[in-house]
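Written out below as structure tokens is the structure these notes cover.
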2 protein chains.
Amino acid sequence: MAFLSVLTPVFVAVLCVMIGLIFINSRKTDRVPRPETKGGSKVESRPWVDQDLQDDTEITPRDGRSKDDDWADSNEEEDLPHVPYSPPRYPVERMLERSQDFYSVMNQRRSVRFISSEPVPRDVIDNVIRTAGTAPSGAHTEPWTFVVVSDPETKHQIRLIVEEEEEVNYRQRMGDKWVNDLARLRTNWIKEYLDVAPYLLLIFKQTYGILPNGKKKTHYYNEISVSISCGILLAALQNVGLVTVTSTPLNCGPQLRLLLKRPANEKLLMLLPVGYPASDATVPDLKRKPLDDIIVRV
Amino acid sequence: MAFLSVLTPVFVAVLCVMIGLIFINSRKTDRVPRPETKGGSKVESRPWVDQDLQDDTEITPRDGRSKDDDWADSNEEEDLPHVPYSPPRYPVERMLERSQDFYSVMNQRRSVRFISSEPVPRDVIDNVIRTAGTAPSGAHTEPWTFVVVSDPETKHQIRLIVEEEEEVNYRQRMGDKWVNDLARLRTNWIKEYLDVAPYLLLIFKQTYGILPNGKKKTHYYNEISVSISCGILLAALQNVGLVTVTSTPLNCGPQLRLLLKRPANEKLLMLLPVGYPASDATVPDLKRKPLDDIIVRV
């Protein structure tokens, strides 16, 4: 007991450090509140307050506590004039027909992992990317970069990086269940299409922008914006008879960013091999949910 | 000192609890590692290891430590047969033409905040949502619910919820910079279109699924998948001459989920008012980045 009493001041000191650590941890958590925790176990009192952005958008703190000089005061200065807008209008019969036709085209889209090496006109790819660039984005920041790789050596480097990481993903990171869920799609870490497809599209989200004066510009909802753009890109590819598979190579982003010399504000979101389908291409015989399973009418 | 020595066992006990708390906190952090911190201040040694899913997908832990009984072992059991796939193929000239035409249609799309109350055929909306449902999704989980609201009273309730929260967003949560960035789009917290538009589409992401046996099913990359689906939906709307504005009402999700009686596994991702443009609709005179600013060729 005498020995312990000598140690008491030490315990008190350690205790203070611990309390400090816990305090710091809890402040960190407060700064980036995540919405609802697993399984709806969230406290339900005023559940709508202080949700976060649902996105890893980098926002400058409003209270000015932190050194904020890297960030511009506003993304743009000018007040934009507003102009009349009257897009094409179709009679009801024609609308119905167009909606049905577009559905038919898009319903034929499948994720295809067997891609032909046959060349694809570059102008078509350019138009597809132009189309993806018409997507809306948070505060019109257009936070996307489309890297189009056709150089065989670079494609092969990408394949090596992706296969190395994907093997670790499949063997260690993803867990048996995820691997099982993918097994029926017959997908694994061997990605031959990365060498074979005439184009690899690597879609980067810009987590912030950089203004001409060097200041940073906030890119609101950049991940959601770039994903929406990818949806439009998939529609544009399908519209011209090209195929792809929408992949999100886990952990490969930083290596691929370095390989492609993209700046630090860009993060890889998706990698899409693009081409004609191989003549012997197959797809898993999946069905889509019927309309009544995805729509709720109120 | 004698007094303190009596308290020593208490300090030791408190110390143990603190260590326990810190351990639990650090385990929580390990479970959901966030990628790169603000401004690229991330440690750069082996930067590609242990990135997370870039998404708030709920993944069951692989090591079986935690009580995991709510989750199914695999999303689906059956081994799917593979079938030949040969989508339509167009001659090069036709591909070019189609790619140009689709770009022209999509390039006319604008976010429109002035929507006519004129009715829109329900079948067209159904086809648009069918089309959105053709999007790819992580492991084909189709993690989306499209709530289509046409009931005037419900639309008004939605408006009240959104305007109340958006006013707080604009006045307090968003910060002057964000508000400035939006000012030039002439958008604020008054959302008349929520009453006026014939349809409000509320797009929910299902953060996990529920199997017929009641077990939970992992929805990989659900936010990215639903955003891609939204991109295809925007293309489908544009294709029939309807307009919308892609909004992400900050903090309104939980209230709107309760109003619409959606289950706990669904989170609001986007809210889109849909209709014909108002006859006097205007849009800010924005330009899009030219192709060379969004494409990188390698």
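The values are calculated or read from the model by the stated rules, or taken from the named source; none is laboratory data. Values in this document were obtained by computation on a predicted structure and should not be read as measured data. Every residue, glycine as well, gets a Cβ built from its backbone with ideal geometry; the counts of neighbours run over all protein chains shown.
Yes or no: segment A:252-263 includes at least one residue that is touching a helix residue (DSSP H, G or I) at 6+ places or on another chain (Cβ under 9 Å), at the interface with chain B (Cβ under 7 Å from one of its Cβ atoms) and charged (D, E, K, R).
No - not one qualifying residue is present in segment A:252-263.
Take the conditions surrounded by fewer than 24 Cβ atoms within 10 Å (Cβ to Cβ), facing chain A (nearest Cβ under 9 Å) and part of a loop (DSSP other than H, G, I, E, B) and apply them to residue B:280. Does it pass? Give the steps one after another, and end with the answer.
Numbers: surrounded by fewer than 24 Cβ atoms within 10 Å (Cβ to Cβ): yes; facing chain A (nearest Cβ under 9 Å): yes; part of a loop (DSSP other than H, G, I, E, B): yes.
Answer is yes for this residue.
Restricting to segment B:198-229, name every residue that is under 15 Å from residue A:295 (Cβ atoms) and among the β-branched types (Val, Ile, Thr).
B:203, B:226
How about segment A:105-209: which helices (runs of 4 or more DSSP H) wholly inside it have at least 2 residues that are farther than 23 Å from residue B:96 by Cβ and not hydroxyl-bearing (Ser, Thr, Tyr)?
A:152-168, A:175-183, A:193-196
State which residue is nearest to the other protein chains (Cβ to nearest Cβ) when the search covers only segment B:224-245 and only residues that are over 14 Å from residue A:235 (Cβ atoms) and buried (at least 24 other Cβ atoms within 10 Å of the Cβ). Outline the logic, then answer.
Residues of segment B:224-245 over 14 Å from residue A:235 (Cβ atoms): B:224-226, B:241-245.
Imposing the further condition that a residue be buried (at least 24 other Cβ atoms within 10 Å of the Cβ) reduces the set to B:224-226, B:242-244.
Working: B:224: 5, B:225: 8, B:226: 8, B:242: 8, B:243: 7, B:244: 9 Å.
Checking each candidate, the answer is B:224.
Please state which one of B:264, B:236, B:197 is more than 24 Å from residue A:79 (Cβ to Cβ) and without any contact (Cβ under 8 Å) to a residue 12 or more places away in the chain.
Testing whether each residue is more than 24 Å from residue A:79 (Cβ to Cβ) and without any contact (Cβ under 8 Å) to a residue 12 or more places away in the chain leaves just B:264.
Scan segment A:251-275 for residues that are in a loop (DSSP other than H, G, I, E, B) and surrounded by fewer than 21 Cβ atoms within 10 Å (Cβ to Cβ) and jot them down. Spell out how you get there, then give the answer.
Step one: of segment A:251-275, the residues in a loop (DSSP other than H, G, I, E, B) are A:251-252, A:260-265.
The answer is A:260, A:261, A:262, A:263, A:264.
Is there any pair linking a residue in segment A:109-126 that is of a type in the set (Asp, Glu) to one that is buried (at least 19 other Cβ atoms within 10 Å of the Cβ), with Cβ under 8 Å and at least six apart or on different chains, and which?
Once the first residue is of a type in the set (Asp, Glu) and sits in segment A:109-126, its partners that are buried (at least 19 other Cβ atoms within 10 Å of the Cβ) give A:118/A:198; A:118/A:275; A:118/A:276; A:123/B:99; A:126/B:295.
Pairs needed: first member in segment B:83-102, over 22 Å from residue A:113 (Cα atoms); second member anywhere, aliphatic (A, V, I, L, M) and at pLDDT 95 or above; C-beta distance under 7 Å; at least 6 residues apart or different chains.
Pairs that qualify, where the first residue is over 22 Å from residue A:113 (Cα atoms) and the partner is aliphatic (A, V, I, L, M) and at pLDDT 95 or above, are B:96/A:124; B:98/A:240; B:99/A:124; B:99/A:128; B:99/A:236; B:99/A:240; B:102/A:236.
Which of the residues that make up segment B:84-133 are closer than 27 Å to residue A:294 by Cβ, crowded, with 21+ Cβ neighbours inside 10 Å, at the interface with chain A (Cβ under 7 Å from one of its Cβ atoms) and touching a helix residue (DSSP H, G or I) at 6+ places or on another chain (Cβ under 6 Å)?
Correct list: B:102, B:106, B:124, B:127, B:128, B:130, B:131, B:133.
Check off (1) of a type in the set (Lys, Arg); (2) under 13 Å from the mean Cα position of the chain (by Cα); (3) more than 9 Å from every other protein chain (Cβ to nearest Cβ) for residue A:215 and give me the number that stays unchecked.
Going through (1) of a type in the set (Lys, Arg); (2) under 13 Å from the mean Cα position of the chain (by Cα); (3) more than 9 Å from every other protein chain (Cβ to nearest Cβ) one by one, residue A:215 breaks only (2).
Can you tell me which residue is surrounded by the most Cβ atoms within 10 Å (Cβ to Cβ) among those in segment A:143-155 that are at the interface with chain B (Cβ under 8 Å from one of its Cβ atoms) and touching a helix residue (DSSP H, G or I) at 6+ places or on another chain (Cβ under 7 Å)?
We begin by selecting, within segment A:143-155, every residue at the interface with chain B (Cβ under 8 Å from one of its Cβ atoms); these are A:144-151, A:154.
Retained after the next criterion (residues that are touching a helix residue (DSSP H, G or I) at 6+ places or on another chain (Cβ under 7 Å)): A:144-146, A:148-149.
Details: A:144: 28, A:145: 22, A:146: 24, A:148: 18, A:149: 25.
Looking at the filtered set, the residue picked out is A:144.
Looking only at segment B:177-190, decide whether some residue is aliphatic (A, V, I, L, M), out of contact with any Ser or Thr (no Cβ under 6 Å at 6 or more places or on another chain) and at pLDDT 95 or above.
No; the residues of segment B:177-190 include none that is aliphatic (A, V, I, L, M), out of contact with any Ser or Thr (no Cβ under 6 Å at 6 or more places or on another chain) and at pLDDT 95 or above.
Based on this model, can you work out whether residue B:271 counts as more than 7 Å from every other protein chain (Cβ to nearest Cβ) and modelled with pLDDT of 95 or more?
Judged against the criteria, residue B:271 is a match.
Are any residues in segment B:215-250 of a type in the set (D, E, K, R) and part of a strand (DSSP E or B), and if so, which ones?
B:216, B:217
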